[in-house]
Structures are given as structure tokens and as C-alpha cells.
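First the structure, which I've put down as C-alpha cells, then a few questions once you've had a look.
What follows is calculated from the coordinates using simple rules that are stated; it is not laboratory data. As the structure is a prediction and not an experimental result, all values here were calculated from the model. Backbone-built Cβ (ideal geometry, glycine too); neighbour counts: all protein chains shown.
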Amino acid sequence: MERHELWLYKAEGDLALAIEALAIPNEKIRDAAIYHTQQAAEKALKAFLVFKREPLLRTHDLEDLLWICMKHDISFNYLFRFAAQLNPLIMEYRYPLEDFDEPQTPLPEELREAIEAATEVFKFVVDMIATDSVSSKK
């Protein structure tokens with residue numbers, strides 16, 4: 001398996017976990033699963049950067065990663081709206097928030113929307129890598 005494929009494998013696992021969690025009526029599982037939607041998008045973008053032989057930043061910020069991806073293809077700007085949706089999930093549900101006495105857990109619809117956003121990022125990256133692989137073989 002190529003190195004970028006390993007990153008996609010991990011991204012797909014995060015996405016699969018979130019999708020499976022959606023079917024389980026347990027807010028603690030949703031709470032943990034929503035973080036994995038952001039992780040799926042992050043690992044997908046890092047897969048593209050590995051494919052392009054870019055050095056990887058130690059960051060979870062999807063927008064930072066997108067700026068680097070855009071050096072290779074401007075069409076990555078399409079993903080900024082999904083990055084803005086997913087970036088807060090790095091912290092929002094992962095840790096207890098100072099201002100709340102009760103756990104903040106995502107609603108099923110919030111998890112569904114995060115899954116849709118992460119899926120868009122994942123599919124976009126897979127398509128970009130496939131397109132680039134085909135054009136480089138010509």
C-alpha cells in the first residue's frame with residue numbers, strides 16, 4: 001500500500017466509525033464519534049499532501065491544510081465551507097467546556113451533518129488523487 005493510501009485507510013475508518021455511531025441511540029457514543037468526522041477530513045487532506053510529497057504539518061486545522069493543498073490545485077477552495085464546519089469539532093465536544101455544568105453532546109442531526117461534510121472532503125480528495133494519478137501516467 002502506498003503511503004497516501006494508508007492515510008486514506010485511516011480516514012475511511014474514522015468516517016465509518018462516525019457513520020456506525022449514528023445508528024446507535026447513545027449520546028455518549030455520538031459525543032465521541034463526532035470528533036472522528038473532523039479526523040476523517042484531516043487525514044484525507046494529509047493523504048493528498050503525502051501523495052504530493054509535501055512535508056506534513058503537525059496541525060489539526062483543516063483550513064491550514066487546505067491552503068497547502070491549494071498550492072497544487074485551486075479547486076480545493078471548494079472545501080473551505082466544510083473545513084469551517086468541521087474545525088470546531090477538534091475541541092467542541094472532545095473536552096468539557098468551562099461554561100457548562102452538563103456535558104454538551106451533539107444531536108443526531110449535528111453528527112449527520114458532520115458526516116456529510118467529512119464525506120465531501122474524503123470523496124473530493126480521493127477523486128483528486130485518482131485524477132492526478134491518471135494524468136501523470138499519460
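Might you report the magnitude of the Cβ-based charge dipole of the chain about its Cα centre, with Lys and Arg at +1 and Asp and Glu at -1, to the nearest 20 debye?
Taking the Cα centre of the chain as origin, the dipole is about 940 debye.
Ok, one more. Based on DSSP H runs of at least 4 residues, each adding -39500 (n - 2.57), what is the mean residue ellipticity at 222 nm of the chain after dividing by all its residues, to the nearest 500 deg cm²/dmol? Working shown, then result.
Values: 5 runs with 90 residues, N = 138.
Helices in the chain give a 222 nm mean residue ellipticity of -22000 deg cm²/dmol.
Continuing with this model, one more query. How do 22, 57 line up, fewest other C-beta atoms within 10 Å first?
Ascending Cβ contact count within 10 Å gives the list 57, 22.
Would you please name the trypsin sites (Lys or Arg not before Pro) within segment 57-134 that are DSSP coil residues with at most 13 other C-beta atoms within 10 Å of their C-beta?
Sparse-neighbourhood loop trypsin sites (Lys or Arg not before Pro): 58, 71, 94.
To continue, here is another question. Ignoring GluC sites (Glu not before Pro) that are buried or in helix or strand per DSSP, and keeping those with at most 14 other beta carbon atoms within 10 Å, what is the longest stretch of the chain between them?
Longest site-free region, per DSSP loop and neighbour criteria: 3-97.
Right, next: Quote the charge dipole size of segment 1-42 about the Cα centre in Debye, to the nearest 20; the model charges only the Cβ of Lys and Arg (+1) and of Asp and Glu (-1).
With only Lys, Arg, Asp and Glu charged at Cβ, the dipole is about 100 debye.
Here's a follow-up. Cα to Cα, under 13 Å, and not fewer than 8 places away if on the same chain: which aspartates and glutamates meet these conditions relative to residue 123?
12, 42
Rounded to the nearest 0.05, what FRET efficiency do residue 58 and residue 102 have when you use their Cβ-Cβ distance and R0 = 22 Å?
0.10
May I ask for the distance between the Cα centers of segment 18-70 and segment 101-136, given as a whole number of Å?
Distance between centres, Cα-based: 7 Å.
Also: Any idea what angle helix 108-137 forms with the longest principal axis of the chain, computed on alpha-carbon atoms, 0 to 90 degrees, nearest 10?
Taking Cα atoms only, the helix is inclined about 10 degrees.
Report ³J(HN,Hα) in whole Hz for each residue of segment 28-42, in order, from the Karplus equation J = 6.51 cos²θ - 1.76 cosθ + 1.60 where θ = phi - 60°; Gly and Pro get x.
5, 6, 4, 4, 6, 5, 5, 4, 5, 5, 5, 4, 4, 5, 4
Which entry in [x] 33; [y] 29; [z] 40 matches percent of Cα pairs over 23 Å apart derived from the coordinates of this structure?
[x]
Next up: Among 59, 76, 130, which residue has its Cα positioned farthest towards the positive end of the charge dipole of the chain, with +1 placed on the Cβ of Lys and Arg, -1 on the Cβ of Asp and Glu, and the dipole taken about the Cα centre?
Selected residue: 130.
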